[in-house]
1. Quick one: pull the percentage of alpha-carbon pairs in the chain with a separation above 34 Å.
2. Treating the angle as unsigned and between 0 and 90°, give the value, to the nearest 10°, between the Cα long axis of helix 195-204 and the longest Cα principal axis of the chain.
3. Roughly what % antiparallel, to the nearest 5, for the DSSP beta bridges in the chain?
4. Taking GluC sites (Glu not before Pro) that fall in a DSSP loop and have at most 11 other Cβ atoms within 10 Å as cut points, what is the longest piece of the chain between them?
5. Please order ASP169, ASP205 by the number of other Cβ within 10 Å, starting at the fewest.
6. Just grab the label-to-label distance for LYS242 and LEU172, each label 7 Å out from Cα along the Cβ direction, in nm (one decimal).
7. Give, in nm to one decimal, the length gained when the segment between GLU180 and ILE234 is fully stretched (0.36 nm per residue of separation minus the Cα-Cα distance).
8. Starting with the highest mean, order 139-151, 292-304 by the number of other Cβ atoms within 10 Å, averaged over the residues of each peptide.
Amino acid sequence: MNILLLPLKITWNPTSGLDLGFITIHFYSLMFVVAFSIGFYLMKRMFIKEQIPLAKLDSLLIYAVVSILVGARLGHVLFYQTELLWEDPLSVFLPFRFVPDFEFTGFRGLASHGAAIAVIIGMWIYNKKVLHKSVLWILDRVVITTASGAIFVRIGNFLNSEMVGKITDGALGIQFIQDEISERRAVSLTNIKAPAKAYQALTNDPQFAEIISAIPYRYPGQLMESFGYVFVFIILFVLYWKTNASKKPGLLFGLFLLLLMTVRLIVENFKREQVEGREDWIFNLNTGQVLSIPFILIGLYFVFTALTKKTTDATS
């Protein structure tokens, strides 16, 4: 039996995390921990390889974490949910919704385009205050860790039933229960106050079979994007460790922008538009695709510039 040919056609209705009784470890948060942990390990290996004092690594982690999270959140709000700035401004940086009712939501809106911009700014500040090399030196290396982290962040989106794809009748279709039915509705339908248990009751009780059957199958856009990022990471990783690409300032950084945003450009064809009414925003492209194009062009510029310049040690 060839498992690769088996259709998914599953109903996706996971619990939100690991319930330890006194605390719940949310899978989405756990994916961020995995992403930053692997990133820290990879940067440590690179610092050792290039004889950079490891004392400078701790502050790099702080700059990276803060810039990525703040940039990703602001990017989502500015690009996809601008109305939050005046309708519910506290929810921009807090994991709660205050309008129309108070509710814990977690951070369900993080945009990769915002993170990409913020990490560039964050690394520029880090380099100026701590590292004192060329900014392209640190960018060429941090993008390898960013590419690995992006894999797990998108898996986190899948576990959170976020960023679902368009409706499909194909073999890759998945029913995202928690995308279609809110926690509030699940609780009201089942009279079970715990949302996780309420969702499970919906799928297990024949009484709700009609509701579940009405939920369409969608492409797993998050997993498709994560799969693409695996190849982005492998390419950057191999080029750094097995070639002299790191001696060409801007090459790895440019390739990262080019490859990552190309994956995003392609996968967006299968994902549901996050902003209603922007499915065919400009030239039949949605918001994510429009935002990806400038990054692709910038990436091409850095790749071309790096390949036409002489090899350097990139230390100044």
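1. Tail of the P(r) past 34 Å holds 28 percent of the pairs.
2. The two axes meet at around 60 degrees.
3. Close to 75 percent.
4. It works out to 84-275.
5. ASP169, ASP205
6. 2.6 nm
7. 15.9 nm
8. By packing density, highest mean first, the sequence is 139-151, 292-304.
No value in this document is a laboratory result; all are computed from the given coordinates. Keep in mind that this is a model prediction, so the values were computed, not measured. Every residue, glycine among them, receives a Cβ derived from its backbone with ideal geometry; neighbour counts consider all protein chains shown.
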